[in-house]
Amino acid sequence: MEAPILVEVTRGPAVECRHRGEIAVVNVKGEVQRHLGDVDTPVCLRSLAKPFQALPLLATGAAQAFGFGDRELALCSGSLSGQEFHVDLVKDILKRLKLTPEALQCGAHAPLHRPTAKALAQTGEKPQAVHHTCAGKHAGMLALCLHHGWPVENYMEPDHPVQRLMLTTVAQLVGLPPKQIVVATDGCGVPTFYVPLRHIALGFARLAGAQEGSPAAKLLDAALTHPRLIAGDGRLETTLMEVLAGRVFAKTGAEGGFALAVREGGGLGLAVKIEDGGSRALGPAIIHLLKELNFLSPEAEKALAALGQPAILNQRKQQIGGLRPAFSLVAG
């Protein structure tokens, strides 16, 4: 079955191309409340797994042992833009672990925050692992290794205790046996996981509906308090969390994956997959999804309008088209 159209891209008066995908809205019991397309479609979690992977820091006592507060927990849950405040906090965590930045085995790329990347290039400095979008996640994994007395040299290997802990934690949150989860390798080198879209939504619903004082509730509190540490300035997740302050935890994955945890209604998880991986379709799809679920006030809708229906400009800065949502959710 062909996936439904989520977003249309116009040029002039006509539609030039379309982005298809699936959406699942799930409660804490795993019941699909609203949907579009095949919610059993396997989706590679990629960075959608990060909040799940940060949970053991709280559950095992590692966060307390190293003095991690809300800022550190949010950072370990985020996909960082490599801005100065991200890099400084990653370095501070490593200092507490008595490790150098060389302990991070995620590789290096230019900061996702363009002004930061430009400034770095102008100094002649090359990007380092601390600028990597997954640097916070890797720092958290290193903290778990040291807390448990596990080796740090090969922490990325699938059979390493910390990666086995990642798999079992993800499996528990998404409601699947570990043996049913297909494991692959993420862009940063550690294992990542294929999970049906409805189960991704379930994992985020369980974060949203977690009992007060539990590790999941504490992690969500940390993320909601520090939206800039979940992504960075100008990023969709951070903007959504700033506009909808305290109401929505937003997280992006790679290749068109996105999920939200909403505490309203006892806890809901929203998961979206853009079939072709086109990230430009996420803003229109996510904001229209929130609008359909009546989560946006008129003020919030106005504040997010440019992301909900972004304009396409030519090289002369003339608007020649745009992106617009093209779907309605189905009940149950």
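Here, each number is a calculation from the coordinates, and none is a lab measurement. Since the model is a prediction, treat every value here as computed from it, not as a measurement. Cβ placement follows ideal geometry from the backbone for every residue including glycine, while neighbour counts extend to all protein chains displayed.
Looking at the range 97-107, can you tell me whether even one residue there is part of a loop (DSSP other than H, G, I, E, B), closer than 30 Å to residue 40 by Cβ, touching a Cys at 6+ places or on another chain (Cβ under 7 Å) and not aliphatic (A, V, I, L, M)? Explain how you work it out, then say what you get.
Residues of the range 97-107 that are part of a loop (DSSP other than H, G, I, E, B), as a first pass: 97-100, 104-107.
Filter once more, keeping what is closer than 30 Å to residue 40 by Cβ: none.
No, the range 97-107 contains no residue that is part of a loop (DSSP other than H, G, I, E, B), closer than 30 Å to residue 40 by Cβ, touching a Cys at 6+ places or on another chain (Cβ under 7 Å) and not aliphatic (A, V, I, L, M).
Within the range 76-88, how many residues are closer than 16 Å to residue 101 by Cα and part of a helix (DSSP H, G or I)?
6
State the number of residues belonging to the range 6-54 that are basic (Lys, Arg) and farther than 25 Å from residue 173 by Cβ.
Matching residues across the range 6-54 total 3.
Do any residues in the range 136-147 that are touching a residue at least 40 places away in the same chain (Cβ under 8 Å) have Cβ atoms under 9 Å from those of residues that are hydroxyl-bearing (Ser, Thr, Tyr) and assigned to a helix (DSSP H, G or I), where the two are at least six apart or on different chains, and which pairs are they?
As it stands, the answer is 136/77; 137/47; 137/77; 140/77, since those pairs meet every condition given.
Hey, could you check the range 195-218 for residues that are of a type outside the set (Gly, Ala, Ser) and loosely packed, with under 15 Cβ neighbours inside 10 Å and say which is farthest from residue 38 (Cα to Cα)?
Across the range 195-218, the extreme among qualifying residues is 212.
Go through the range 223-262 residue by residue and tally those that are among the aliphatic types (A, V, I, L, M), farther than 21 Å from residue 197 by Cβ and surrounded by fewer than 24 Cβ atoms within 10 Å (Cβ to Cβ).
4
Take residue 159 and decide whether it is within 18 Å of the chain's Cα centre (by Cα), more than 30 Å from residue 266 (Cβ to Cβ), of a type in the set (D, E, K, R) and not in a helix (DSSP H, G or I).
Spelling it out, it is not the case that residue 159 is within 18 Å of the chain's Cα centre (by Cα), more than 30 Å from residue 266 (Cβ to Cβ), of a type in the set (D, E, K, R) and not in a helix (DSSP H, G or I).
Out of 129, 121, 108, report the one residue that is out of contact with any Ser or Thr (no Cβ under 6 Å at 6 or more places or on another chain), farther than 21 Å from residue 63 by Cβ, touching a residue at least 12 places away in the same chain (Cβ under 8 Å) and surrounded by fewer than 20 Cβ atoms within 10 Å (Cβ to Cβ). So that I can check it myself, show each step before the final result.
Numbers: 129 fails: surrounded by fewer than 20 Cβ atoms within 10 Å (Cβ to Cβ); 121 fails: touching a residue at least 12 places away in the same chain (Cβ under 8 Å).
From the options 129, 121, 108, the qualifying one is 108.
Considering only residues of the range 59-69 that are of a type outside the set (Phe, Trp, Tyr) and within 20 Å of residue 98 (Cα to Cα), which is surrounded by the fewest Cβ atoms within 10 Å (Cβ to Cβ)?
Only one residue fits best here, namely 67.
Kindly state which strands (runs of 3 or more DSSP E) lie completely within the range 1-43 and contain at least 1 residues that are surrounded by fewer than 15 Cβ atoms within 10 Å (Cβ to Cβ).
The strands (runs of 3 or more DSSP E) meeting that bar are 5-11, 14-27.
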